[in-house]
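Worksheet: the structure to be examined is printed underneath.
Nothing in this text is a laboratory measurement; each read-out follows from the coordinates by a stated rule. Bear in mind that the values here come from a model prediction, so they are computed numbers and not experimental data. Using ideal geometry, Cβ is built from the backbone for each residue, glycine included, and neighbour counts are taken over all protein chains shown.
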Amino acid sequence: MSLSRWITGLLSVAALLALTLSNPAGAVGTESPRPWNAPCPESDRFGVAMVGWELDAYDVGQLNAGWYHNFGLLPTPTRPAGMQFVQTIRLSDDGPFPDRACSNCPTWQSLGALVAANPGSLWAVGNEQDRQDYVTATRYAQLYHEFYYFLKTQDPSCQVAIGGVVQTTPIRLQYLDMILDAYQNQYGRAMPVDVWNIHNYVLREGVTGWGCGIPPGTNPALARDYGLQDHDNIDWWTEQVIMMREWMRDRGYRDRPLIISEFGILMPDIYGYDYPRVREFMLETFGWLMTAIDPDTGYPADGNRLVQAWAWYSLNDAHFEGFDSWNHVFDPDTRVITPLGLDFADYTAPLGTPAVDLQPVGLLHSPPEPEGGTLVTVTMTAQVYNGGGSPASNVVVQFQRDSAPAGTSVISSLAPGDAGSVSVVWPNLNWGQSYQASVTVDPGGLVPECNEANNTLSTSFVVTDLRFYLPVVRRPW
């Protein structure tokens, strides 16, 4: 199942709910993350980064990948093989302007149209703001704040990611610290980040010479002097991801997913990075990403895995600094899959077996109906979504009130990507009392699933005469 169908199904559920976002004076946001649902199948974790716009020119279905991006914005992104597109807002340090936040930024009008046309998308704010977009930490905090609340106001179902730094070395982690500090100082609160996003290369850092430079405002003494032959050093590559997860934990973001939106081998053949060497690096990183788990720093909603999704660079960039390279999985001229692309496809093919993934995505109560005295009755409704690629039948849904069983219902069938609703009646509730409600799908574990960790959803509510829904919505990122 692709990420696009995965997201589309959740949007159909979200449309049933009274989901609102309060934002008085641009100061209130979502500090509590929405739960992240692991891809099903596992091959949907794999993505590709491309140059250009014509994804349909390539038979990308061969890759079994779930997502892609091209470092920019697309009003109507193509989604061959159901691949999800991640939007990227490019930044610059200047501004603001009357109709946009910076000279490289989209206008507010054009961005609003993009958001309306692409509900539920993941939006990355910036691309390598430490190098390409090159934005100071203070200015980045301002831009991120503006875009975060604009996107959330236009589409509360969207997710917002920080732009990816080139690599998470000490100097670039200092830069991220500066961004968090600047945000806290300017807005009096922690920076709201739905998805943490990085690039991961092993490149020289320095004021002069080749490499990825020094992030603005950081201490050059922290730079790492990697050499040309260090570019595929797997130990340093994995160390950087581990450091990022430690950094996230120490700053209160362990409960956010982490994606790597760009990694690969940039160095060309003339420096010794031939096809066998690039292939070995790609497969070694794939193996590590699929198995890297840490009970102290990993993402709890994903079995403590360190990384939730990743995009290989590149789909179709066959050159680096004017020299031929081997990192592309499709030939940009012939549009034919390359030997490296076949290696990619061979790795992901066994991970793409369709399976069932049942998950409660909404839990709400009806307006209270008076019974007499202080007692009322409410109807509890749960929405259940099949995020997998196989159908499910006779799905048992169990409700609990204050940890005690409070009704069971059955959904006869759920096709892949479909959502269904079941309800139970709760009588004898007291006006003004708070209750803890939860729902568990397939409590007996009778349905084999690709992810058994996302079957329960909980919320709390107070019985009042204010008639409104209290939804809880799961989002895919």
Report summary line: Taking a ≥ b ≥ c as the square roots of the eigenvalues of the Cα gyration tensor, with a/c under 1.5 meaning rounded and otherwise prolate when a/b exceeds b/c and oblate if not, segment 187-299 is oblate
Query raised in the report: Among residues other than Asn233 whose Cβ falls under 14 Å from its Cβ, what is the net charge (Lys/Arg +1, Asp/Glu -1)?
Result: -4
**Report entry** Size of electric dipole in the chain: Cβ of Lys, Arg +1 and of Asp, Glu -1, about Cα centre, debye, nearest 20
**Finding:** 1300
Query - Taking Ser157, Ser261, Ser366, Ser325 and counting other C-beta atoms within 10 Å, the order from fewest to most - result: Ser366, Ser157, Ser325, Ser261
Query raised in the report: When the Cα centres of segment 84-100 and segment 334-377 are compared, how far apart do they sit, in Å?
Result: 30
Requested in this report: Would you work out the relative contact order for segment 53-115, in percent, from Cα pairs under 8 angstrom that are 6 or more residues apart?
Outcome: 24
Query raised in the report: Quick one: net charge of Tyr347's neighbours, Cβ under 15 Å, K/R +1, D/E -1?
Result: -4
Query raised in the report: Say R0 is 45 Å: what FRET efficiency, to the nearest 0.05, do Thr334 and Asp250 get from their beta-carbon distance?
Result: 0.40
Query - Chain lengthening between Met290 and Tyr134 when straightened (0.36 nm per residue, less Cα-Cα) - result: 53.0 nm
Query raised in the report: Sequence-distant or interchain residues sharing an amide H contact under 5 Å with Gln87, placed H: which?
Result: Leu122, Ala124
Requested in this report: Just order 169-182, 95-108, 202-215 by mean Cβ neighbour count inside 10 Å, highest at the front, would you?
Outcome: 169-182, 202-215, 95-108
Report summary line: Here segment 358-462 gives, from Cα atoms, an Rg and Dmax in Å of 14.6, 49
Requested in this report: Quote the convex hull volume per residue of segment 48-118, based on C-alpha atoms, as a whole number of Å³.
Outcome: 80
Query - Difference of contour (0.36 nm per residue) and Cα-Cα distance, Glu54 to Trp210 - result: 53.1 nm
Query - Per principal axis, descending, Cα span of segment 373-429 in whole Å - result: 49, 17, 15
Report summary line: Among Ala182, Met50, Tyr347, the residue whose Cα sits farthest towards the positive end of the charge dipole of segment 3-352, when +1 is placed on the Cβ of each Lys and Arg and -1 on the Cβ of each Asp and Glu, is Ala182
Report summary line: Relative contact order of the chain (C-alpha contacts under 8 Å, at least 6 apart) in percent is 17
Requested in this report: Evaluate the chain: find the radius of gyration of its Cα atoms, find its Kirkwood radius, and give the ratio Rg to Rh.
Outcome: 0.99
Report task. Compute the distance in nm between two label points, each set 7 Å from the Cα along the Cα-to-Cβ direction, one at Leu351 and one at Ser458. Result -> 3.2
Report summary line: For segment 403-419, Karplus-derived ³J(HN,Hα) couplings (6.51, -1.76, 1.60; θ = phi - 60°; whole Hz; x for glycine and proline) come out as 6, 9, x, 9, x, 9, 9, 10, 9, 5, 7, 9, 6, x, x, 9, 10
